[in-house]
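> Please read through the structure below; I'll follow up with questions.
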């Protein structure tokens, strides 16, 4: 009877294992559902190359002065201090208001992705980018701007910066005329002209 009992136990185990197998695909479906929702949530990362994501991460970490993972007013103010620009509270508030929520790294990438996808007017983006370097007198400090172009984002080579500067109106003090740059890049449309 012992052999018969062993055979019966093996048969029951095999039958139980076969009954459990159809349940596995159902649980696999659930986990794949989790995977697909994970993919959907991280789709913003697919908008950029790994190198770009790494550069954005590096920039985010530099901007996050208090290292809490969220960019706030004091972090942005500190970032402006690093580049030597004094930012008004109203400017900082306006920047923070662009985000639909707290600006963590994923939110920052989402904002870049939406701008890149054309949700923002390209001319407006160019104007704001150059205006961020305005010394307050309608000029851009050439040395500071050169350093930024060669240090952050898609880094320019020294020759590329020189070629760009050849197109700009640069005075003897190394100051770049902001209005001239905007006219060259966006066809002369400035905030003053739009207001008129």
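> Under a point spin-label approximation (7 Å from Cα along Cα-to-Cβ), what is the residue 67-residue 52 distance to one decimal in nm?
Roughly 3.0 nm, to one decimal.
> Counting pairs of alpha carbon atoms under 8 Å apart in space and at least six apart in sequence, what relative contact order in percent does segment 122-189 give?
36
> Sorting 63, 150 on the 10 Å Cβ count, fewest up front, what's the list? Don't skip to the end; give the middle numbers.
Details: 63 16, 150 13.
Lowest to highest Cβ neighbour count: 150, 63.
> Run the numbers on segment 46-177 and let me know its relative contact order in percent, using alpha-carbon pairs under 8 Å that are six or more apart.
It rounds to 19 percent for segment 46-177.
> May I pose another question? Taking the Cβ of each residue in 154, 183 as the centre, tally the other Cβ atoms inside 10 Å and list the residues starting with the fewest.
Working: 154 8, 183 15.
Going from least to most buried by this count: 154, 183.
> For segment 73-134, what does the alpha-carbon gyration tensor say about shape, rounded, prolate or oblate, given a ≥ b ≥ c as the root eigenvalues, a/c under 1.5 as rounded, and a/b over b/c as prolate?
Since a/c reaches 1.5 but b/c is at least a/b, the shape of segment 73-134 is classed as oblate.
> For segment 86-158 and segment 164-188, compute the distance between their C-alpha centroids and round to whole Å.
The two parts, judged by their Cα centres, are 18 Å apart.
Every number in this text was worked out from the coordinates using simple rules, so none of it is lab data. Keep in mind that this is a model prediction, so the values were computed, not measured. Every residue, glycine among them, receives a Cβ derived from its backbone with ideal geometry; neighbour counts consider all protein chains shown.
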